[in-house]
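Report on the structure given below.
Nothing in this text is a laboratory measurement; each read-out follows from the coordinates by a stated rule. Predicted model, so just to flag it, every value in this text is computed and none were measured. Virtual Cβ from ideal backbone geometry, glycine too; neighbours counted across all protein chains shown.
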Amino acid sequence: MRNRSFLLLSALAFGFAFLYLPILLLILFSFNESRLVTVWGGFSLKWYAELFQNEQMLDAALVSLRVATTSATLATVLGTMAALMLVRFGRFRGRLLFTGMITAPLVMPEVITGLSLLLLFVSLETTLGWPSGRGIDTITIAHTTFCMAYVAVVVQSRLGGLDRSVEEAALDLGARPFKAFMVITLPMLAPALVSGWLLSFTLSLDDLVIASFVAGPASTTLPMVVFSSVRLGVTPEINALATLLVLVATVTILIAAALMGRQERDRARAVTRAVAKERGA
């Protein structure tokens, strides 16, 4: 038993070290005085100062944040609607085709997705005059397209495990379907919606291949700038940028976890009060 526990702990430690040790080294060397990323030259914040003076990288970061926020929001709305169609509407004509269209971006190679979207945008521009060139709008549409599939899968799994008796009780008491959905179903879906939005935001912020196909000269995203910079060699400035991204992602996840935990506690207290009130009556 002790040998088994030791092996499990060793495997766990090795797994965490394999995943997080490179990130910790990256954060450490972002404070390196030396320009060489593998030689420690002393503690310094000069690379953060140079990062905030790099207009190209700052503009790319703003473009990526704008695209990620917009595409994650649109993907959450559209993915939730698709999941509701698949779970709540039972079998309907074209369901198999609809399911295949929703899940296709999950298994489609990004090169194929990017090339097909590029051809679509070129055809639309030729026939309709929109979109006029490639830019932020085309990147947002492309990211919404493949992020929506991930949101649909997350929300669909959550919908499949919900107890519909509370929603049916609200309908029996006279609530309209839309009000029952907004007051009862939507709060119960909140963890899945937050998870889907965060996943979409991360995928959009991290995407390089698809954005390279549908982006224009004036709409370069942050991964594209980082990739072009890394090809010439990694600098501590890139390490500083990566450290800030890790910090933003960590803070966002902690805030989301705190909000979802608070919501779960409020729901548990509400259920406890309702049960106590029913017993008292």
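Taking the residues in segment 126-137 that are over 15 Å from Ser212 (Cβ atoms) and among the small types (Gly, Ala, Ser) as candidates, determine which candidate is surrounded by the most Cβ atoms within 10 Å (Cβ to Cβ). Step through it out loud before you land on a result.
Quick first cut of segment 126-137, residues over 15 Å from Ser212 (Cβ atoms) only: 126-133, 137.
Pick out the ones that are also among the small types (Gly, Ala, Ser) and you get 129, 132-133.
On the way: Gly129: 8, Ser132: 9, Gly133: 12.
This residue is Gly133.
Looking only at segment 138-165, count every residue that is of a type in the set (Val, Ile, Thr) and either surrounded by fewer than 15 Cβ atoms within 10 Å (Cβ to Cβ) or within 26 Å of Gly216 (Cα to Cα) (or both) and tell me the total.
From segment 138-165, those of a type in the set (Val, Ile, Thr) are 138-141, 144-145, 151, 153-155; that's our starting set.
Add one more test, that the residue is either surrounded by fewer than 15 Cβ atoms within 10 Å (Cβ to Cβ) or within 26 Å of Gly216 (Cα to Cα) (or both), and what stays is 138-141, 144-145.
Within segment 138-165, residues that are of a type in the set (Val, Ile, Thr) and either surrounded by fewer than 15 Cβ atoms within 10 Å (Cβ to Cβ) or within 26 Å of Gly216 (Cα to Cα) (or both) number 6.
The residues listed here are Thr250, Thr220; of these, the one that is hydroxyl-bearing (Ser, Thr, Tyr), within 23 Å of the chain's Cα centre (by Cα) and surrounded by fewer than 17 Cβ atoms within 10 Å (Cβ to Cβ) is Thr250. On the given criteria, is Ala83 of a type in the set (Gly, Ala, Ser) and more than 22 Å from the chain's Cα centre (by Cα)? So Ala83 fails the test. Restricting attention to segment 136-186, the residues that are charged (D, E, K, R) and part of a helix (DSSP H, G or I) total 6. Pairs meeting the criteria (first residue in segment 18-47 and under 17 Å from Thr235 (Cβ atoms), second residue of a type in the set (Gly, Ala, Ser) and loosely packed, with under 13 Cβ neighbours inside 10 Å, beta carbons under 8 Å, at least 6 apart or on different chains) are Asn32/Gly41; Asn32/Gly42; Glu33/Gly41; Glu33/Gly42; Ser34/Gly41; Ser34/Gly42.
Among the conditions (1) touching a strand residue (DSSP E or B) at 6+ places or on another chain (Cβ under 9 Å); (2) closer than 22 Å to Thr250 by Cβ, the only one that Gly42 does not satisfy is (2). (1) in contact (Cβ under 8 Å) with a residue 40 or more places away in the chain; (2) of a type outside the set (D, E, K, R); (3) not in a helix (DSSP H, G or I): which one isn't true of Phe92, the others all being true? Condition not satisfied by Phe92: (1). The set of residues in segment 95-129 that are within 24 Å of the chain's Cα centre (by Cα) and not in a helix (DSSP H, G or I) comprises Met108, Pro109.
Taking Met224, is it part of a helix (DSSP H, G or I), hydrophobic (A, V, I, L, M, F, W, C) and under 30 Å from Leu119 (Cα atoms)?
Values: part of a helix (DSSP H, G or I): yes; hydrophobic (A, V, I, L, M, F, W, C): yes; under 30 Å from Leu119 (Cα atoms): yes.
So Met224 fits the description; yes.
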